[in-house]
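Below is one structure, written out as structure tokens, with a few remarks after it.
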Amino acid sequence: MGLSMTAIIEWTEDAQAASRPEPARWHEGNLQGVLFETGEAYPFFAAIAGVRDPSNRPAAIPPRGVPGHLSGPARRHFEDFGSEISGWLHLSEIDRCMQQRGVDVSMVEFEVEVILQFMRMLVGRLSDSHVRMVFDIS
């Protein structure tokens, strides 16, 4: 059976703080999230987590595990399904991982492209440090 990914795009509600040089406040009650699911997006999985990479190269940023503070959709996912290969990345980190592996957005599944475009929209409004993708590959 193939692998799939659950990705929860989270952002802080600090929209005004995002325009100032303040750190993002990643804690419950201050997070929003939208859950996406993908199919077998192996080039993307290899880029962000080193999973299903034929060359067996480690990920540029090894999976960090589930963050301590989660949005409602992310918390429900991990409570209901647990985690296998989990982590979180900001858009700038995803872009760096994809560039390192030579994965172009044209090479990824439609669902992954939607995730990345959604993140780009949020980053344009809030800043990179206020937007992250929490993922679980299983």
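None of the figures in this text is laboratory data; all of them are computed from the coordinates on show. All figures in this text were calculated on a predicted structure; none of them were measured in a lab. Backbone-built Cβ (ideal geometry, glycine too); neighbour counts: all protein chains shown.
For the reader, a short list of remarks on this structure follows.
- Look at where the Cα atoms of the stretch 37-60 and of the stretch 108-138 average out, and the two centres are 16 Å apart.
- Vicinal HN-Hα couplings computed from phi for the stretch 34-51 (Karplus, 6.51 cos²θ - 1.76 cosθ + 1.60; Hz; Gly/Pro x): 10, 9, 10, 10, 10, x, 7, 8, 4, x, 5, 4, 4, 5, 8, 9, x, 9
- For the stretch 81-122, the set of GluC sites (Glu not before Pro) satisfying both a DSSP loop assignment and a count of at most 15 other C-beta atoms within 10 Å is given as GLU84.
- Backbone HN-Hα couplings from phi across the stretch 78-93 [Karplus 6.51/-1.76/1.60, Hz, Gly and Pro as x]: 6, 5, 7, 10, x, 9, 10, 10, 10, x, 8, 9, 7, 4, 4, 6
- Choice from ALA47, ALA59, ALA74 showing the highest fluctuation, given a GNM over the chain with Cα pairs closer than 10 Å: ALA59
- By the beta-carbon count within 10 Å of each Cβ, the least crowded to most crowded order of HIS69, HIS130, HIS90, fewest first, is HIS69, HIS90, HIS130.
- For the chain, the relative contact order works out to 37 percent when only alpha carbon pairs closer than 8 Å and six or more residues apart are counted.
- Residue order, fewest to most surrounding Cβ atoms within 10 angstrom, among ILE48, ILE8, ILE61: ILE61, ILE8, ILE48
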